[in-house]
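The values are calculated or read from the model by the stated rules, or taken from the named source; none is laboratory data. Since the structure is predicted, the reported quantities are computational estimates derived from the model, not experimental observations. Don't worry about glycine lacking a Cβ; one is built from the backbone with ideal geometry, like all the others, and counts go over all protein chains shown.
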Amino acid sequence: MPLLSLLIFLPLAGALLVALLPRERASLYRWIAVAVTSAEVILSGLAYAQFDRGQAGYQLLEQADWITLPMGSLGVASIDYLVGIDGISLPLVLLSAVVMLVGVVSSWGIHGRPQAYFALYLLLTGTIMGCFVALDFFLFFLFFEFMLLPMYFLIGLWGGPRREYASIKFFLYTLAGSVLILLVMIGLYLSVIDPVSTAVAAGLIDSPSDMTAEVLRAVQFQLLHGQLNPAQIVHTFDWRYMADGANYLPNSFLSIFGEVSIGGMPSRMLAFWALFIGFAVKLPIVPLHTWLPDAHVEAPTPVSVVLAGVLLKIGGYGFIRVVWGLFPDGGAQYATVLGGLGAFTIVYGGLNALAQNDLKKMIAYSSVSHMGFVLLGVASLTAEGVNGAVYQMVSHGVLSSMLFLLTGVLYDRTHDRRIDSYRGLLTPMPQYATLTAVAFFASLGLPGFSGFVGELFTLMGGYQSTYLPGWITAVSVLGIVLAAAYFLWTLQRMFFGETWVRTYADDATQAIADLTLREQWLLIPLGMLALTLGLFPNLVFGLTNSTVAQWMLKFVE
Amino acid sequence: MPDSTQTLLLTCLLGLPFVGAIGLGVLKNRVPESVSGFLAVLLTAIGLFVSVVIAASVGEPLHWQTDWISFSGHTFPLSFQLDALSRLMLVVVHGVALLVQLYSIEYMRGDARIGPYFAYLQLFVGAMLGIVLAGNLLILYGFWELVGLASYLLIGFWYHRPSASRAATKAFLMNRIGDAAFLLGILLTYIQTGSVDFGTQPLTTAAGLCLFMGCVAKSAQFPLLTWLPDAMEGPTPVSALLHAATMVAAGIVLLARIHPMLSSDALTVVAAIGTATALWGGFSALFQLDIKRVLAFSTVSQLGLMVAAMGTGNVSGALFHLLTHACFKAGLFLAAGSIIHAVHTQDMRAMGGLRKALPYTFAAYVICAAALAGVPLLSGFLSKEVVLGGAVVWAAQRGGLAMLVPVGLLISSGLTAVYMARQLRLVFWGEPTDAEMIPHEPGWLMRGPVLLLAILSVGVWFSINPLSAHHSPFFAQMHLPVLPEGPVWLAPLSIALVLVGGWLGFRLREPATDSKLALASFHYGYLDQLYQRLFVNPTRALANFLHRADQRAVDGLVNGFGIGTVLLAHIAAFIDRIGVDGVVNGAGKLAVGVGQLTRSVQGGRVQTYIATAVAVVLFLLWWIL
């Protein structure tokens, strides 16, 4: 069964179905969405079951020729439909499936145009899955760009008062980042060959299935010494080939020998930074983060959940897979700067969170701070750090979903997100308060919950790294103090003391209702998931470990 | 013991409190309040029974370990150990917790949230047991933070009171500062030794001090001591538990575990911090007006004593003092609870003359207070002698500034006698302030634990020799070396100090509450105000500044960039309209003009067509050129 293709195309088909369904069947939209996202959870579960965790390479590969175009002396252009997963993408696929389901269920109360909403939502689901399983840069970029479209409309049409501003900002910000990615993608394409197809084109073998290690070495040898006929060289977007330095054309734009430089800077380093900025917008990394608070504040609850729970992770995934994965030389050379940027993001986000009076903005900035740990972990170039970074992404995906759902619960009741509009909520809403406290403590890194493990191992990686000076990690540790400060201060201000709610201030007798059954069914499993991951971190590390170990080999020399 | 038995015992010891916490938390108020209390007491009693059985069966230390997290080449096991220290603490924690829970059944009767209360207590106990049993630093840290959580929940238990929730937040945050350093210490340990096990070799001084910072926060050492007095906002039985057997004791347990990993420089710092804390706490206790605050600062001071003992290499002395202190301090807090229960105030100025109304409580309080002050024949005297003796021997080997440690500890000992005597005078002597109010002794559920703890504060349980603990069975049980005895003048000197201090505290007239000295003591050296100015306000100012900067500068740049682009687009559009389009329109107008001209001349229709054709040609010309 083509599991991964189903993961991508099932939601796309679902989106089409919702779009084509007549208006009279309006009540079906959400059920289709629930069915499709539930199927996604099952499909990703099947992928998990079939995944061999001891093996490091890509698995469940599906490949099909898509575009092949002879371009004369420029060689042959080849774009493949190529999908597969490894230990880095699988946890994120699983996370996405769960978060997308949570998002649908929390979309129950969405107002207006349900057809468009659920069609866009399913489109988003498909493109997100595509981002995590695509192994061809072109294919990835397609999904990456296409994801913006539904997101733009979901914020812009169903958002809060400043939704237009927020959605355009989000769109332009990400688009600016992806222009940089596009440039590097083209540069990479012109610099990398597909050794298998080239071997076929050069007549060394008859069909790709005859490929052996000797032929590969022969092709790469000929490539290195300029013995290949340019017309027979097949260029590729395949990440697997891009990740191998031996497939780079000498004297090409991004040649691993670094012959080309622009403005005195080697082109590979420029490309590294361009890619880094492109993905850092998504994560986000300070100072490229200012779209996030606006987008979160204006987005409806389910979209916030998806945004924080999944979309940010594409930034971190891009770091590991593309930025560091294809340019390990850049990662090693600028490790200190990048680690420092991570530490800065942690502290900057934390301090900003402390200053917020809007609950959603506070959580948005806490996301910024938590994503700083991802950068720190990746920049450390240690097994602990990179495993920790993936873990941190999964953990944050679960916890931030929970946090944004909790914000939505309150907003649904009072249409007021200001922290100082509430006091003593524990009395009328004990369940809500309890779950908020659980989410807050889990997010501030209470051992037993997942937040702790992610922070611990990224910090451990930071300390252990030969690339990063110790002070970077020491500064990052401040982040966990700040997290305790902003979460507990919020808890104190909103939930303790005598009950007072600004919305109901004139009518003190009106009670504010506690969680509904549906809200409980959303929040409690997420809390349990965070607890399970925190108690059994090997659930994630077992998946990531082998892949990360192989990934680390790039940095050995 | 066979493996399965060990696993069973460990699961039982660690599992019961957590099962209790979850169970009671879920049950909440669905069961009658007496049932919650009964269940909690039952679970703790089972735990105590198991602990006593374990403690009685002297054996080799047990280790129990399983994989928890593993990477290529690195493993972080889930590891527990049962050694002499854990055996001791198991009994202490369970014992005190049991008494506190029994006491709570009566003390908290009628509270609306009795279910959660006992659930939190169980969590507190379970977390503390985890610390005691933890087999490596990482596991210890996990339970360490859980203790922080439990204390947060209990200190802020009466959440309606803003002061209570503030105190809870403060306690957790201040502990978090220490914990962050502690975590850093664990990471450094991992880097230096390749594992997170309790090492046997000294680490670098920096790593050792980072680990020690955990203890500084949890055990309320200088400079992170200001959360402890505020923690009084919790229900009084919680204070008893927190001050005697959990939370603050956790720091001492940690120090005992990491003692071999501390370099000699680090130990010197530990001794200095301990001494400073002992003095700071002693001074701050002098002029407090709240009955529980006096006890809180006495805890700070006594913890300083224990930490200083650790610093002087006297692990056994520190643990011995921890044990005796657990009994009399729990006794004092529970007795104070009985008093508060009876007079409905914590202000000692509103008490007075209670010795007649509360004879049992009075007797227990006097015994425990005397033990705390170090009166001979009581347990406190014995353990203080061991601590002080160790410090004197340690200082004598070093000379010079090291002498400040024993001198400081002796002074703080004297201060203890002063403030406890003052407290006894204010609470029990004199005349009742309110003649109409007749306080009553509480019921036996509260009286019993207090009396039992007072009895346990008598020295004979710890050492047959009433004046020296050196042959106490405690040290043999703990497999710890006892330091050489202090000089002969030490015992007479400390007895003299107790007498003088007690006399001063009892006889001295209270200075005006607004005198500089009293105020400085009352505000514990203005530490809170200092922190507010030095850390809290600047952090919030920085946060607000960064927030504004983020909105105006960083986001302003982004918006500016956006506006600039739009502006540029408008300029381009303008040029397009006026320049490029202008030419086109101009040509069109010209053609129309020409056409109208010809029409006006000849008035025929054909001319219009010609004009149109000319215009089109003109346009095409312009387009091509």
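General observations
- Helices (runs of 4 or more DSSP H) wholly inside the stretch B:196-298 that include at least 3 residues being touching a residue at least 60 places away in the same chain (Cβ under 8 Å), buried (at least 21 other Cβ atoms within 10 Å of the Cβ) and in contact with a Cys (Cβ under 9 Å, 6 or more places away or on another chain): B:248-258
- Search result, residues across the stretch B:88-105 that are closer than 21 Å to B:L480 by Cβ and either of a type in the set (A, V, I, L, M, F, W, C) or free of Cβ contacts under 8 Å to residues at least 40 places away in the same chain (or both): B:L88, B:M89, B:L90, B:V91, B:V92, B:V93
- Matching entry among A:T427, A:T436 (being surrounded by fewer than 24 Cβ atoms within 10 Å (Cβ to Cβ), hydroxyl-bearing (S, T, Y) and out of contact with any Gly (no Cβ under 8 Å at 6 or more places or on another chain)): A:T427
- Listed conditions (1) more than 7 Å from chain A (Cβ to nearest Cβ); (2) more than 10 Å from the chain's Cα centre (by Cα); (3) more than 24 Å from B:F18 (Cβ to Cβ) are all met by B:I155, apart from (3).
- Residue within the stretch B:307-318 that is closer than 19 Å to B:G95 by Cβ, polar (S, T, N, Q) and either in contact with a helix residue (DSSP H, G or I) (Cβ under 8 Å, 6 or more places away or on another chain) or buried (at least 24 other Cβ atoms within 10 Å of the Cβ) (or both) present: no
- Screening the candidates A:V34, A:V99 for the property of being part of a helix (DSSP H, G or I), touching a helix residue (DSSP H, G or I) at 6+ places or on another chain (Cβ under 9 Å) and more than 28 Å from A:G318 (Cβ to Cβ) yields one hit, A:V34.
- Only one of the listed residues (B:L453, B:L409, B:L424, B:L415) is surrounded by fewer than 23 Cβ atoms within 10 Å (Cβ to Cβ) and part of a helix (DSSP H, G or I). That residue is B:L424.
- Considering A:L228, A:L190, A:L224, the condition of being among the hydrophobic types (A, V, I, L, M, F, W, C) and closer than 25 Å to A:Y81 by Cα is satisfied by A:L190 alone.
- Of all the residues in the stretch A:179-230, those that are of a type in the set (V, I, T), closer than 26 Å to A:F143 by Cβ and crowded, with 17+ Cβ neighbours inside 10 Å number 5.
- Exactly one residue out of B:V19, B:V50 is touching a Cys at 6+ places or on another chain (Cβ under 8 Å), within 30 Å of B:G443 (Cβ to Cβ) and of a type in the set (A, V, I, L, M, F, W, C): that is B:V50.
- Filtered by the rule that a residue be among the polar types (S, T, N, Q) and within 25 Å of B:V91 (Cα to Cα), the stretch B:327-360 gives a lone residue, B:S338.
- Verdict on A:L124 being within 16 Å of the chain's Cα centre (by Cα) and free of Cβ contacts under 8 Å to residues at least 40 places away in the same chain: no
- Given (1) within 23 Å of A:G278 (Cβ to Cβ); (2) assigned to a strand (DSSP E or B); (3) acidic (D, E), index of the condition A:E62 fails: (1)
- Residue match in the stretch B:481-492 (condition: assigned to a helix (DSSP H, G or I) and either closer than 21 Å to B:L426 by Cα or within 12 Å of chain A (Cβ to nearest Cβ) (or both)): no
One line per residue, one yes/no per condition, for (1) of a type outside the set (A, V, I, L, M); (2) in a helix (DSSP H, G or I); (3) surrounded by fewer than 22 Cβ atoms within 10 Å (Cβ to Cβ); (4) within 12 Å of chain B (Cβ to nearest Cβ):
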position: A:L482; (1), (2), (3), (4): no, yes, no, yes
position: A:Y486; (1), (2), (3), (4): yes, yes, no, yes
position: A:G527; (1), (2), (3), (4): yes, yes, yes, no
position: A:T532; (1), (2), (3), (4): yes, yes, yes, no
position: A:G542; (1), (2), (3), (4): yes, yes, yes, yes
position: A:M552; (1), (2), (3), (4): no, yes, yes, yes
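- Of all residues in the stretch B:162-181 being touching a residue at least 60 places away in the same chain (Cβ under 8 Å) and more than 8 Å from chain A (Cβ to nearest Cβ), the one that is surrounded by the most Cβ atoms within 10 Å (Cβ to Cβ): B:A171
- Those helices (runs of 4 or more DSSP H) of the stretch B:518-612 in which 3 or more residues are modelled with pLDDT of 75 or more, within 30 Å of B:P223 (Cα to Cα) and under 27 Å from the mean Cα position of the chain (by Cα) occupy B:527-531, B:537-549.
- Summed over the stretch A:440-480, residues that are more than 7 Å from chain B (Cβ to nearest Cβ), over 26 Å from A:G331 (Cβ atoms) and aliphatic (A, V, I, L, M) total 2.
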